[in-house]
Amino acid sequence: MPATAARLALVALACAVAAPASAQLLQRKDLSYAIAKTIAENAVEDCKARGYAVSVVVVDRGGDTMVALRADDAGPHTMENARRKAYTARTFRMTTEDFVKEMATRPVRREQTTLPHVIAIPGACRSRSATT
């Protein structure tokens, strides 16, 4: 039994020493909730000033919703469209307008619209932090 305990201790020590030598943390810039909320509120207000009742969704690095706002009188479909547009812009690192344009020259873009949550409707932009 003492030999087994010694072997386990040796393996544990080897793992503890080896892990820090090769482990590195990734450094990222992510939107805070406060900034995401400000982006969404400003987008809703900008669209309202232009006469549009819209929904706005801001997604995080993983494409998950951080903030979702629906303006007064915005249609019920606008929230889902906004979420899918935001996800598409984040996933492909381009505006959804550029994504739609690429469908004409890159057949793979049309195929990618069959992926869950992807939509080919112009209207979503991406933030700079989405690319870093």
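Here is how the numbers come out for the structure above:
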| item | result |
| --- | --- |
| Cα-based convex hull, segment 48-89, per residue volume (Å³, whole number) | 67 |
| Proxy reagent accessibility, fewest Cβ within 10 Å first, across ARG109, ARG50 | ARG50, ARG109 |
| Two-site label geometry, TYR52 and THR114: point separation in nm, points 7 Å out along Cα→Cβ | 3.0 |
| Dipole of segment 33-127 [Lys/Arg +1, Asp/Glu -1 at C-beta], most positive-end residue of ALA40, GLY75, LEU115 | LEU115 |
| Table column - 3J(HN,Hα) (Hz), segment 36-53, Karplus curve with 6.51, -1.76, 1.60, x for Gly and Pro | 4, 5, 5, 4, 5, 4, 5, 5, 4, 5, 4, 5, 4, 5, 8, x, 10, 9 |
| Gyration tensor (Cα) of segment 33-127, equivalent ellipsoid semi-axes in angstrom | 23, 14, 11 |
| Spin-label pair ALA34/ASP73, simplified geometry with 7 Å Cα→Cβ offset, distance in nm | 3.4 |
| Estimated inter-spin distance, ASN42 and MET103, nm [label 7 Å along Cα→Cβ] | 3.0 |
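Just so you know, all these numbers are worked out from the coordinates, no wet-lab data involved. Bear in mind that the values here come from a model prediction, so they are computed numbers and not experimental data. No Cβ is skipped: glycine too gets one built from the backbone with ideal geometry, and neighbour counts run over all protein chains shown.
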